[in-house]
Amino acid sequence: MTITLTGATGFVGRQILRTLLERGCSVRVLVRDPSRLPDIRAGGALEVVQTPDLFAEVTGRLEELLEGSETVVHAAWYLEPGAYMSPLNVACLTGTLNVASAFASVGGKRFVGIGTCAEYDPSAGLMTTDTPLAPNSLYGACKASAFQVLRSFLSTQDISFAWCRAFYLYGEGEDERRLVPYIRRQLGTGKEVLLSRGDQVRDFLDVKDAAGMITDVALGQQQGAVNICSGEAVTVRQLAERIADEYGRRDLLRFGARPQNVFDPPRVVGVRDRASA
């Protein structure tokens, strides 16, 4: 079985690629810059196909890129910290639907997309896959729209469909502007870590564990929305203290030095599905 993976040079996609190859899968990656692929030394077969912009490809070219692939794992999307209202999300939405349409045209069998907990109503606090969708960012709205359209469209094409909603991922390859790299950078250089009160409750998960869960979904039969989460409630303060303990420098944590984000939901925790637990 050939699996086509998009977004293989991204934060999540890199780990999905590693995991698929470790499990002996034959993987075709559609990438803009092959030099950014992770160093893969062993595992299944890897085919690298370069495309200048996946979301700008015409229908015929998309069909060529996807020909012979039974499964697509679609991880490509624009995402930059603090840019969740970028209009590029709309281009990602349109491009995603074009990829799915081309995949159906060449006889694809299973489509697995990467969603986000930002699709859910943030007031819910505890998110199951039945929690209503009510995103408060363009990023979340475009992801939710992709899910809803793909679910309806792919069902008419007899294509199996799963949508993996990732929660708060951290780990290898993470953007340096995000929370965990910031904390580690400051502690590693002996500098103060300026934080809010830290009482926000989150569902944190290492990106490598997330990639394993997504790969399980891709290689399995589960359909519909799937929460990619730890299922554990952890405050930002607790997370920061755990990291600081690795350095023996809790004294550098400055809780309350930054104002609370009034748009930041107080609690976002996922409930793992039995099939992914």
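Looking at Ala75, is it open to solvent by 20 Å² or more (accessible area, probe 1.4 Å), touching a strand residue (DSSP E or B) at 6+ places or on another chain (Cβ under 7 Å) and closer than 24 Å to Leu169 by Cα? Yes; evaluated as a whole, the condition is true for this residue.
Here Gly43 clears all of (1) surrounded by fewer than 16 Cβ atoms within 10 Å (Cβ to Cβ); (2) small (Gly, Ala, Ser); (3) modelled with pLDDT under 95 except the condition numbered (1). Cβ-Cβ distances below 6 Å connect no pair with a first residue in segment 211-224 that is within 17 Å of Asp158 (Cα to Cα) and assigned to a helix (DSSP H, G or I), a second residue that is hydrophobic (A, V, I, L, M, F, W, C) and open to solvent by 10 Å² or more (accessible area, probe 1.4 Å), and a separation of six or more residues or different chains.
Of the residues Val31, Val12, the single one that is over 18 Å from Asp175 (Cβ atoms) and crowded, with 16+ Cβ neighbours inside 10 Å is Val31.
Taking segment 76-110 as the range and being among the small types (Gly, Ala, Ser) and on the phi < 0 side of the Ramachandran plot as the test, the residues that pass are Ala76, Ala83, Ser86, Ala91, Gly95, Ala100, Ser101, Ala102, Ala104, Ser105, Gly108. Scan Tyr247, Tyr170 and give me the residue that is in contact (Cβ under 8 Å) with a residue 24 or more places away in the chain, hydroxyl-bearing (Ser, Thr, Tyr) and under 30 Å from Thr4 (Cα atoms). Every option except Tyr170 fails the conditions. Of the residues making up segment 25-55, those that are outside any strand (DSSP E or B), out of contact with any Gly (no Cβ under 7 Å at 6 or more places or on another chain) and hydrophobic (A, V, I, L, M, F, W, C) are Leu37, Ile40, Ala42, Ala45. Within segment 144-174, the set of residues being out of contact with any strand residue (DSSP E or B) (no Cβ under 7 Å at 6 or more places or on another chain) and either buried (at least 18 other Cβ atoms within 10 Å of the Cβ) or not in a helix (DSSP H, G or I) (or both) comprises Ser145, Gln157, Asp158, Glu172, Gly173, Glu174. Residues in segment 46-72 that are polar (S, T, N, Q) and open to solvent by 50 Å² or more (accessible area, probe 1.4 Å): Gln50, Thr59. Residues considered: Arg184, Arg197, Arg177. Of these, the only one that is closer than 28 Å to Pro259 by Cα, open to solvent by 60 Å² or more (accessible area, probe 1.4 Å) and modelled with pLDDT under 95 is Arg177.
The values are calculated or read from the model by the stated rules, or taken from the named source; none is laboratory data. The shown structure was predicted, so the numbers you read here are calculated from the model rather than taken from an experiment. A quick note on method: Cβ atoms are made from the backbone with ideal geometry, for glycine too, and the neighbour counts reach across all protein chains shown. Each accessible area value is taken on the protein alone, full model and side chains, heavy atoms only, with ligands, DNA and RNA left out. Shrake-Rupley method; radii C 1.70, N 1.55, O 1.52, S 1.80 Å.
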